[in-house]
């Protein structure tokens, strides 16, 4: 093995449907989610070369993101190298564009990209299932990115069934400038709801489908975190209303927040809407296509 580099584009995701179900015996909640990647990417460059002793170094363009073992990318690399019977000097450069703590799965996508990239660079020939098994140790959203762009995700996130969503849509992502911690959101949800609402018949029927059209998805979008998160952050409800008034077919909180997103039929309306929010101090807005699986390129 000689000095080799690989560039991986790592997409963000939105939850088109996110239902939080009963608490499992392991303490985690079961979920039912329809996830879809969007065209907002981080970039990961992995460089490997032979070495006398294995070493991982991680560099990031955002100074406030830790680059030690608390970082999911670093931990993903550790998990892979622990299963490789050779010593490797691994250098990772991470360019962050996906907002952090935003419900867009940026950290999980970066972790999946690390596993995917090392699988290719080191010629491990791991299957999607093997990569997902490693990813599951890092976070509930990680396995999804190995089967992106769209999937029904159940259990803790470990059961991922690919779904094809036909047609085209543009997504406007609005990041309000503050994060919503996932643990806090789950606590608020548990404290404010009387019980678990069962899955609707329409959502249950999606379990039997391998292909959906956007026109079928749009009427079904929902997120159990909206009510408790909106109660503490009313600006998010205002963003939702504004997205709808600017022409979104539907608008929703992604994940546990704080990003709001709107679904648009055409690019120009999406871009105009993103421009409106972009003029708001402290907010970031992106108009991106709905699509995109992690992609790797030797550099």
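Quick look at the numbers
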item	result
Debye intensity ratio in log₁₀ form over the Cα atoms of the chain, taken at each q of 0.11 Å⁻¹	-0.65
Theoretical gain in end-to-end length, residue 210 to residue 100 [0.36 nm per residue, Cα-Cα removed]	36.5 nm
Difference of contour (0.36 nm per residue) and Cα-Cα distance, residue 62 to residue 84	4.9 nm
Prolate/oblate/rounded call for the range 130-220, Cα gyration tensor, a/c under 1.5 rounded	rounded
DSSP-defined antiparallel bridges as percent of all bridges, the range 22-118, nearest 5	60
Residues in the range 254-269 reached by a label modelled at residue 235 [backbone nitrogen below 14 Å; 7 Å Cα→Cβ]	258-260
For the range 65-201: rounded, prolate or oblate by the Cα gyration tensor [a/c cutoff 1.5]	prolate
Beta bridge orientation in the chain: antiparallel %, DSSP, nearest 5	85
DSSP beta bridges in the range 165-289 [antiparallel fraction, %, rounded to 5]	90
Value at 222 nm in deg cm²/dmol, rounded to 500, when DSSP H runs of n ≥ 4 in the chain each add -39,500 (n - 2.57)	-8500 deg cm²/dmol
Rounded FRET efficiency, nearest 0.05, which uses the C-beta distance separating residue 265 from residue 4 and R0 of 25 Å	0.05
In nm, spacing of pseudo-spin labels at residue 156 and residue 137 (7 Å Cα→C-beta vector)	1.3
Length gained when the stretch residue 164-residue 26 is fully extended (0.36 nm per residue, less Cα-Cα span)	46.5 nm
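Any read-out appearing in this document is the output of simple, stated calculations on the displayed coordinates, not a laboratory observation. Treat the numbers as computed from the prediction; the structure is a model and nothing was measured. Every residue, glycine among them, receives a Cβ derived from its backbone with ideal geometry; neighbour counts consider all protein chains shown.
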